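Data first, discussion second: the structure below is written as structure tokens.
The values are calculated or read from the model by the stated rules, or taken from the named source; none is laboratory data. Computed from a predicted structure; not experimentally measured. Cβ coordinates were reconstructed from backbone atoms using ideal geometry, including for glycine residues, and neighbour counts include every protein chain displayed.
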Amino acid sequence: MKAMHHRQSIWLPVIFLLAAATALILMPAAAGARNIKVGIIDCYSGPAAVYGNDALNGFKLALKDINRKGVLGKKIEFTTRDTKFKVDLALSMARELVMREDVDVLVGTINSGAAMAVSESIAKRQKVPFIVWISKSERITGEKGHRYVFSTGENTAMAGKAGGLALSHKPYKRYWIAGDDYEYGHAIANAAWRNLSTARPSVVKIGESWWKPGEPDLIPYITSILTADPDAVIFCTGGRSMTNIMKAIKATGMAEKMPIWIHTATDHAVLKPLGAEAPEGVMGTMDYHFYYPDISANRNFVNKFMKEYGNPPGFPAFHGYITAYYIAEAFRKAGEVDKERFIDALEGLKINSPAGPIEMRACDHQVILPMYLGETEYSPEHKVVISSDIVTLRGSEVMPSCSDIIEARGQ
Amino acid sequence: MEWSETYTAAALGSHLLVGLSRAMILFIVTSGLSFVLGVLRVPNVAHGSLYMIGAFAAFSIVNVLGGGAPAFWAALLLAPLIVAAVSLVAERALFCHLYEREHLMLLLFTFALMLILGDLVKMVWGADYRSIMAPEFLRGSVPVFGSPFPKYNLFLLVVGPVVAVGLWLFSSRTRIGKIARAAAVDREMVGAVGINVSWVFAFAFVLGCFLAGLGGALVAPTVSVTLGMDHDIIIEAFLIVTIGGLGNMWGAMVGSLIFGVTQSFGVLFWPQFAIVFPYVAVVIVLTLRPKGLLKSVW
Amino acid sequence: MRQAIINKNSLLVSAGILIVLACLPLVLPKFYVYVLALIFVTALLAMSLNMVVGHGGMYQFHHGVFYGIGAYTLALMLTKTSLPAWLGFAAAPVCSALAGVLIGLFCVRLTKLYFGMLQISLGSLVWAIAFRWYALTGGDDGIHGVPIPDGIASLIPSYYFILFLLAASLAVMYLILKSPFGNTLRAVRDNPERCEAVGINVRFHQLVAIAIATFFAGLAGTLFVVVEGSVFPDLLFWVLSLEVFIMCLLGGWFTFAGPVLGAAIIVALRTFAGVYTEYWTLILGVILILLIFFLPEGVMGFLEEKFKARTQTTSER
């Protein structure tokens, strides 16, 4: 009797588990005439989640309009996976989307390591188009680019060139470079310095400092830069380090002592939480502002976005929005749901965006976006610090040429 | 550039102060961790999560009360209390049933707690970056040794020693503090003289977590309050209590000072290697003193 | 007599499991084959860790470093040199074991949490090298699209390759742990002072155990490259090491096969729970707490106990 009881108590859960597993495996993936499926791998946890959520909101907003009309008589549906900023999770989740969900297009991610891993190990090998929408490494569509990977965001080469060219018109001579000690920081620094020193050979770099990404206390770094007293400073930080550096600049009054350029210093996601604590007079570059360019397409997009989510779109939302339109337009142009024809259609495709007409460059699969250079200044209208005196650098000015790309890829 | 030009006495002095102020935050967080390690013998991996909750709670309190100095002081007081309440619930509902278990099982429990608290913070506060402002009189900077030194960091330089002295008075002068210290050395003995050890442990755990929350609330005005703060601090905190001597509060102070000051001077002398300073410090200390710098209860 | 029967039984059970696993790719959809391969790789890593944690009693907190060293060694040899691939598969575990002994030399002088923290520091230095040395390791971006040898490049052959190596490694580890060395190791774990007193060289035994464990961790690293074709610094970061440690505790660290089960549970959970919710770490946390409360000996320990109880009552009857 006792033995019977024991037997039951082990086998019941085991049988239950086996049954559950079988049900899971045999669950039909999708049958019959199906919609167009987009698989999104991105980071929805941790400090990067703010960007992942924003991009997803922009994407969802665009799909609402797109699906009203439909694409090739179908709807576009999507499913998301949270990679938690981990490369191994991004890989296994992307594989799950491709092998189990059978998605037509992969989209993601903010982590450039993950973007490159998925691009090389999954998109290229399994021949699935992969659109990178936030991650800014220039290598994704540069030296590591290939037929199956696209980018709908700006990258470090564009940002660095924009900053470098802007600074080359200024009289400063002695520069200090500092930033997050990872690929993004160094890539921006290299691109900026390369362009700056080419355009203005008299500049000298008097020192560099690099901190670990996310370093909470940046005061010692700023103190040592102030001690060295350069003519101007280039900070190469991203994500949450942006808030930390802006706070440290404000606390030490650094912006009043020397000119500073930081890519994304004018990012609303950074400036808004800081409120009145955001330093003024910092030069920054961005590829999108909800208040600039002040054209009807942008106003419409911003109004719709505000109505839906209660806050204005950031640059990731803009990328998400144009990604959805690129996917829809490319399938319409391809005339059928086929991955190879989708890629052919997407190459060189021109669409209208909130920031005006944009083009997906055929040679490197990088979307051509302008860069907006501005300086942080308090805006009584928006009640936060925004970018002012904006100068637009056209995409053709800030992007590496197609011949540079071909050379980088070693073809 | 000449050495003497960059590394003047003034520059060294201001870097020392910057390092010390960072050490104060580290000390407040790690003294709590060390206390739990000493009394309960539990490596509390969730300590970083409680620090993060402290920062987020401070943000909410300042927001609800509409900013200004009173809101800031209220946040400094209430945020750690909220954290203490969370930890009390976790301790009484779950943790207290596990004290007889293997140490590594307790580690597993605190790891599970870290996973849960991390997601709960995301559910409650969302993923946006948050930021709170220090009150008016602590904003901006004052010149110290010729460099601008943030007033808030000066404030930290005052708070740190106050907390240290308070903790010392508490553990050497109050009855419950003495019992906790005795329980750290010999828990059977404390039980044998008729003291409810379970409540002593609960108290120690909650106090440790209160300090984590206080650290989070204090650091909030200087950084972006965001998810992932838990991961950022936890390894550093463990390394500090290890080199100081596990369970020794003054060890946490020494370890924090070493970390804060080496980081600050390291930035001045070898900025390109900043990422490895804490690890190198630990390797050197533990190679020379395998049980940490000060006497450990482990 | 009874010992022999149990051995024979467990041999039969192992052979049965192996045959089932070998047949699974014939019926399972591809994605599940991939998940199984990933579980095998992680299981080998967790098993190797348990050799030092469960049987050696050392707080090996940063085992992931040796996994990463193995993966990076293979990836670098396949991408940067034209040496034959098998040489990479041979060199990677050896490199891991060398690093393991080197780091172990510092750590075995310490005990418990001190051991663990020193290892985290030393391991983090290795991580910093992988994270920073852009020219060699690709920095934080890592190396992707590693050219895997043709024979094992596609999923099904790689599955069998990994299954074979896992089975062989488990057999070797089993023999080592059953050998006199294994007994001495457990004696050192339970009472190092007494062992020292009777003339056992404690540190030497600990170092040998570390060498063996890190060797297999390196092997697991090479198998990860076979499955994913990528290496990146996350592989050497403390978060992953902690996860593997948790797998050992969860599966049952005083049992032989517990870590395999722990690895299977965690990998499966994060793969499939992630499909339904972004809050899957919360679910993982809750499941862990339930397991701690209801299965204190780990999942495998629980099953073994049940199994023993049943055979006992059966024989009593």
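Report, by residue number, each residue of the range A:61-114 that is within 24 Å of A:ASN155 (Cα to Cα), among the basic types (Lys, Arg) and in contact with a helix residue (DSSP H, G or I) (Cβ under 7 Å, 6 or more places away or on another chain). Those that are within 24 Å of A:ASN155 (Cα to Cα), among the basic types (Lys, Arg) and in contact with a helix residue (DSSP H, G or I) (Cβ under 7 Å, 6 or more places away or on another chain): A:ARG81, A:LYS86.
Let me confirm something: among B:LEU33, B:LEU26, which residue is under 11 Å from the mean Cα position of the chain (by Cα), in contact (Cβ under 8 Å) with a residue 24 or more places away in the chain and more than 14 Å from chain C (Cβ to nearest Cβ)? Can you show your working first?
On the way: B:LEU33 fails: more than 14 Å from chain C (Cβ to nearest Cβ).
Within the list B:LEU33, B:LEU26, the selection yields B:LEU26.
Against the numbered list (1) closer than 18 Å to C:VAL33 by Cα; (2) touching a Phe, Trp or Tyr at 6+ places or on another chain (Cβ under 6 Å), C:VAL226 comes up short only at (2). For the range A:243-252, check the following and say yes or no: at least one residue is in the same structural domain as A:GLY179 (by TED's automatic domain parsing), under 20 Å from the mean Cα position of the chain (by Cα) and in a loop (DSSP other than H, G, I, E, B). There is no residue in the range A:243-252 that is in the same structural domain as A:GLY179 (by TED's automatic domain parsing), under 20 Å from the mean Cα position of the chain (by Cα) and in a loop (DSSP other than H, G, I, E, B). When the range C:123-147 is limited to residues that are of a type in the set (A, V, I, L, M, F, W, C) and buried (at least 23 other Cβ atoms within 10 Å of the Cβ), the one that is nearest to the other protein chains (Cβ to nearest Cβ) turns out to be C:PHE131.
So is B:SER60 polar (S, T, N, Q), within 29 Å of C:LEU113 (Cβ to Cβ), part of a helix (DSSP H, G or I) and in contact (Cβ under 8 Å) with a residue 12 or more places away in the chain or not?
Values: polar (S, T, N, Q): yes; within 29 Å of C:LEU113 (Cβ to Cβ): no; part of a helix (DSSP H, G or I): yes; in contact (Cβ under 8 Å) with a residue 12 or more places away in the chain: yes.
The answer is no for B:SER60.
The helices (runs of 4 or more DSSP H) located wholly in the range B:180-291 that include 2 or more residues which are crowded, with 23+ Cβ neighbours inside 10 Å and of a type in the set (Phe, Trp, Tyr) occupy B:197-219. Checking each residue of the range C:254-273 against the condition of being more than 25 Å from A:ARG95 (Cα to Cα) and facing chain B (nearest Cβ under 10 Å) gives at least one match.
Would you say A:ILE140 is in the same structural domain as A:PHE331 (by TED's automatic domain parsing), in a strand (DSSP E or B) and surrounded by 23 or more Cβ atoms within 10 Å (Cβ to Cβ)?
no
Would you tally the residues in the range A:111-133 being outside any helix (DSSP H, G or I), within 18 Å of the chain's Cα centre (by Cα) and at pLDDT 90 or above? So the answer is 5. Within the range A:209-237, if we keep just the residues that are facing chain B (nearest Cβ under 7 Å) and in a strand (DSSP E or B), the residue that is surrounded by the fewest Cβ atoms within 10 Å (Cβ to Cβ) turns out to be A:SER209. Only one of the numbered conditions (1) touching a Lys or Arg at 6+ places or on another chain (Cβ under 9 Å); (2) farther than 25 Å from A:ILE188 by Cβ; (3) not polar (S, T, N, Q) is violated by A:GLY310, and that is (1).
Evaluate the range A:52-60: report whether one residue or more is away from chain B (no Cβ under 14 Å) and at pLDDT below 90. If you could, list the steps in order and put the result at the bottom.
Kept after step one, since they are away from chain B (no Cβ under 14 Å), are these residues of the range A:52-60: A:58-60.
Within this subset, residues satisfying the condition of being at pLDDT below 90 are none.
Scanning the range A:52-60, I find no residue that is away from chain B (no Cβ under 14 Å) and at pLDDT below 90, so the answer is no.
Is it the case that some residue within the range C:9-23 is within 27 Å of C:VAL146 (Cα to Cα) and loosely packed, with under 15 Cβ neighbours inside 10 Å? For the range C:9-23, residues within 27 Å of C:VAL146 (Cα to Cα) and loosely packed, with under 15 Cβ neighbours inside 10 Å: present.
Residue check: B:PHE149 meets all listed conditions (1) away from every other protein chain (no Cβ under 14 Å); (2) crowded, with 17+ Cβ neighbours inside 10 Å but one, namely (1). Within the range C:100-107, does at least one residue satisfy the condition of being more than 14 Å from every other protein chain (Cβ to nearest Cβ) and in a helix (DSSP H, G or I)? Yes, the range C:100-107 has at least one match.
Here A:SER112 clears all of (1) within 9 Å of chain C (Cβ to nearest Cβ); (2) buried (at least 24 other Cβ atoms within 10 Å of the Cβ); (3) in contact with a His (Cβ under 7 Å, 6 or more places away or on another chain) except the condition numbered (3).
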